[in-house]
Amino acid sequence: MINVIVRAAVLGVLVTSIGALSSAQQAQKPSSKTASILGTWQASDGGEVVHLIFHTASELELEGERFPYVQTAKVIRIDEDGEMVEYPYVLKGDMLTLTFEGGERLTFHRAGGRGLAGAPTAPAVPAAKGPAEDHLLIGKFMSYSSASSSTGSSSWTTYATFDGQGGFSWSSESEHSASQYDQTGTQTGSGLAYGSNSGNRGSYRVAGDRILVRFPDGSEGEALVKERFGDGSIGAFTYDGKSYAR
C-alpha cells in the first residue's frame, strides 16, 4: 500500500515537471505571427527612408534606437523609457502598416535580412518581377552636373523621390553665372540667375536591374540600376546619361 502511494506521488511530480518544461519551451518558441514580422522593413516619410528592424521576438530597432516590445494580434506594445505605448498595425505579406500616436500611418515594406536570432526572412532580392520589386527603390536620389566657360558657369541639380509603391516625384534647380568684358578684356559686369521646377509626379516599375518610368504626358523612359545595398535596395541608377544616387 505504501509503495503504491509513493509511486503515485513520484508519478505526480514527473507529470508536473514535464508540464512545466513543456510550458517553458512553448514560452521560448515564438508564435507564427511573431516570427513573420522579424527582419528589416523600410518606409518613405517626407522623402526620407525610415528603417524598422525586428531583431528578435522581443527587441526592435527604429532609426538606430532599440526598444523592447510585445506583439499581439492587433498592436505592437513598445517599451519607451518604462512606458508601454501601443501601436496598432496591419501585416499583409511584405507590407506592414503602423499607426502612430496622433493617427499618422506609415506603410513599411520588407527589405530582407536576418534578425539577431538568425531567423531568415524574405530574400534580399525577390525572384518575382514587376511590381513585386518596386519596394526596392525608395527614398530621395540626386543628380548633379555643371559646365563652365571663359564667360560663365552653369550647374543643374535634379531630385527624384520614390515612395516604394510605384510612385515618384521630381524637382530641379539650376544656377547660371555670366560675366561681361569690353574689347580690352576688362570685366564690365556680371550676373547670376536661378531657376527651379517642382511638383512633377509619375509612376515607376522595377524589373530586375531595369527601372521603367512613366510621366504624366504618357511618355516613358528606362533607367538602369548601378548599385545596390546589402538588403537588395537600390542605391544608384543612371537615366538619360546622368547618374542618380541616394
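Observations
- In this label model, Q183 and L212 are separated by 6.2 nm, measuring between points 7 Å along each Cα→Cβ vector.
- Applying D = kT/(6 pi eta Rh) to the stretch 136-245, where Rh is the Kirkwood radius over alpha-carbon pairs, T corresponds to 25 °C and eta to 0.890 mPa s, the Stokes-Einstein value obtained is 154 µm²/s.
- The ranking of T184, T40 from fewest to most other beta carbons within 10 Å of each one's beta carbon is T184, T40.
- Under 5 Å, built H, 5+ apart or other chain: amide partners of E59: Y69
- Relative to the Cα centre, the charge distribution of the stretch 164-246, modelled as +1 at Lys and Arg Cβ and -1 at Asp and Glu Cβ, gives a dipole magnitude of about 340 debye.
- Among E80, E65, E133, the ranking by other beta carbons within 10 Å of each residue's beta carbon, starting with the fewest, stands as E65, E80, E133.
- G167 long-range amide H proximity, modeled H, under 5 Å: Y204
- Listed by Cβ neighbour count within 10 Å, with the fewest neighbours leading, V90, V85 appear as V90, V85.
- Rounded to the nearest Hz, the phi-derived 3J(HN,Hα) couplings of the stretch 191-206 under the Karplus curve 6.51 cos²θ - 1.76 cosθ + 1.60 (θ = phi - 60°) are x, 9, 10, 10, x, 8, 8, 8, x, 8, 9, x, 10, 8, 9, 9, where x marks glycine and proline.
- Debye log10 I(q)/I(0) for the stretch 128-194, one point scatterer per Cα, at q = 0.16, 0.19, 0.28 Å⁻¹: -0.67, -0.79, -1.11
Read-outs: derived from the displayed coordinates by stated rules, not from any lab. Given the structure is predicted, the values throughout are model-derived calculations rather than measurements. Positions of Cβ are backbone-derived with ideal geometry, glycine not excepted, and every protein chain shown enters the neighbour counts.
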